[in-house]
1. What are the pairs with Cβ atoms under 7 angstrom where one residue, in segment 291-311, is in a helix (DSSP H, G or I) and the other, located anywhere, is of a type in the set (A, V, I, L, M)? Sequence gap at least six, or different chains.
2. Can you confirm whether Ala333 is more than 23 Å from Thr225 (Cα to Cα) and in a helix (DSSP H, G or I)?
3. Restrict the check to segment 226-246 and report whether at least one residue is touching a Leu at 6+ places or on another chain (Cβ under 9 Å) and hydroxyl-bearing (Ser, Thr, Tyr).
4. Step by step: first the residues of segment 1-31, then only those that are in contact with a strand residue (DSSP E or B) (Cβ under 8 Å, 6 or more places away or on another chain) and part of a loop (DSSP other than H, G, I, E, B), then the one that is farthest from Ala408 (Cα to Cα). Which residue is that?
5. Which of the residues belonging to segment 75-95 are more than 15 Å from Gln16 (Cα to Cα), surrounded by fewer than 19 Cβ atoms within 10 Å (Cβ to Cβ) and touching a residue at least 24 places away in the same chain (Cβ under 8 Å)?
6. Could you name every one of the helices (runs of 4 or more DSSP H) located completely within segment 157-197 that has at least 1 residues being touching a residue at least 60 places away in the same chain (Cβ under 8 Å) and not assigned by TED's automatic domain parsing to the domain that holds Leu231?
7. Quick one: which of Phe152, Phe120 is out of contact with any helix residue (DSSP H, G or I) (no Cβ under 9 Å at 6 or more places or on another chain) and surrounded by 14 or more Cβ atoms within 10 Å (Cβ to Cβ)?
8. Pairs please, first residue from segment 97-122 and under 18 Å from Leu169 (Cβ atoms), second anywhere and among the basic types (Lys, Arg) and part of a loop (DSSP other than H, G, I, E, B), Cβ atoms under 9 Å, 6+ apart in sequence or on different chains.
Amino acid sequence: MKVLVVNAGSSSLKYQLLNTETKEVLGKGICERIGMEGSLIEHKTGDGGKKIKKEIPMKDHSVATEIVVSMLTDKEYGCISDMSEIEAVGHRVVHGSTYFFDSCLVTPEVLDAIKKCIEFAPLHNPANLMGIEGCTKVMPNVPQVAVFDTAFHQTMAPEAYTYALPMKLVEEGVRRYGMHGTSHKFVSIEMNKILGTTNTKLVTCHIGNGSSISAVMNGKCVDTTMGFTPLDGVEMGTRCGSIDPAIVPYLMKKLDMNGDEITDFMNKKCGFLGVSEYSSDSRDIEAAIRGEFNEKLSTCPTTEEGKARVSKNSKLAAEILAYQVKKYIGAFAASMNGLDAIVFTAGMGENNPELRERVCTDMEYLGIKIDKELNAKTLRQPNTVELSTPDSKVKVYVLPTNEELMIAIDTENIVKSK
């Protein structure tokens with residue numbers, strides 16, 4: 001089946017057209033600055049195919065969808081002969097609250113429920129809805145499926161998702177939801193294929209600019225680090241992760257911030273960026289630890305004293321994340337009463353060997369051993385790689401995530417079953 005996968009933002013629309021039988025990406029791209037001056041599309045045909053970047057007016061997501069279809073069917077840059085070849089559309093939807101435990105066919109009732117979830121993801125769900133509405137106008141007869149970031153985590157038990165708040169608030173939706181569910185689902189399915197069974201206990205580590213870790217037992221999520229919002233959990237590029245709640249009112253008074261300002265501060269000025277006082281990018285952080293600095297950054301130190309401070313702070317930022325990941329692996333192993341495999345995925349998980357080595361060092365109590373030489377050269381490659389040594393009691397893998405393929409597969413399964 002040829003499935004168009006759409007990830008709509010408030011002024012953007014990322015897309016991929018995939019063949020679910022061959023897992024081939026036929027075409028992909030992004031529309032940017034939708035509803036603004038200078039709107040443009042970047043389009044590429046398949047892997048290693050022709051590329052085009054073109055400025056085209058896009059007043060809304062419907063127009064953007066029309067342009068996407070025109071690119072996919074273009075004689076020079078396209079990959080299909082006609083729009084009728086698109087058999088289904090799968091949409092990434094960030095928050096499904098407690099309404100959605102799995103992906104589902106888009107219906108008027110589903111749209112109403114997604115709208116009710118806007119209060120939980122005010123920056124994302126409205127944009128996701130615009131993507132759905134845009135595709136509906138352009139392809140009214142093509143079935144559409146909503147795939148929720150939160151759905152995979154809805155199998156958590158009440159003791160895992162409930163905050164110790166008055167139950168009335170919990171019943172109104174203040175609880176742990178988790179994010180990156182499509183990624184955790186994809187890598188856990190692939191890991192179970194490698195292990196040859198679904199009777200497994202996994203810790204899946206989606207580590208990137210945004211990071212989350214999940215405990216997956218027998219193919220179902222039993223716990224995860226992100227909570228009511230994506231701010232919870234481990235240190236991230238610019239997010240602080242879990243902190244003492246009392247720090248929030250303290251900082252509001254100390255820094256004279258209101259609610260929106262403190263939320264912005266914790267989401268955009270903390271994490272790697274805040275600790276290092278330098279960069280939110282792990283590549284810059286690792287380079288700074290080695291004494292190499294990115295002169296393109298306005299925060300780049302110019303004195304030896306400044307370089308020493310940034311190098312020291314960057315090392316601390318990297319060690320904080322590794323310590324937290326290690327701590328969650330131990331906690332999740334305890335909650336599952338065992339551990340079969342650890343999976344590293346996403347930008348840092350796949351491409352930061354230093355992080356993986358820090359996490360897997362001094363883990364003898366779990367019997368974790370990795371091939372450090374193999375780990376050091378495993379980055380910027382598309383393959384699944386086992387890092388654990390033959391005598392390691394717990395398997396350790398780098399497994400590239402593919403959220404778009406997971407969305408496409410979910411979409412195909414739902415469309416075929418209707």
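The values are calculated or read from the model by the stated rules, or taken from the named source; none is laboratory data. Keep in mind that this is a model prediction, so the values were computed, not measured. All Cβ positions, glycine included, derive from the backbone under ideal geometry; neighbour counts span all protein chains shown.
1. Val310/Ala288; Ser311/Ala288; Ser311/Ile289
2. Answer is no for this residue.
3. Checked against the condition, which is being touching a Leu at 6+ places or on another chain (Cβ under 9 Å) and hydroxyl-bearing (Ser, Thr, Tyr), segment 226-246 yields at least one hit.
4. Within segment 1-31, the match that is farthest from Ala408 (Cα to Cα) is Ser11.
5. Glu76
6. 158-161, 181-195
7. Result: Phe120 is the single residue among Phe152, Phe120 that is out of contact with any helix residue (DSSP H, G or I) (no Cβ under 9 Å at 6 or more places or on another chain) and surrounded by 14 or more Cβ atoms within 10 Å (Cβ to Cβ).
8. Thr98/Arg175
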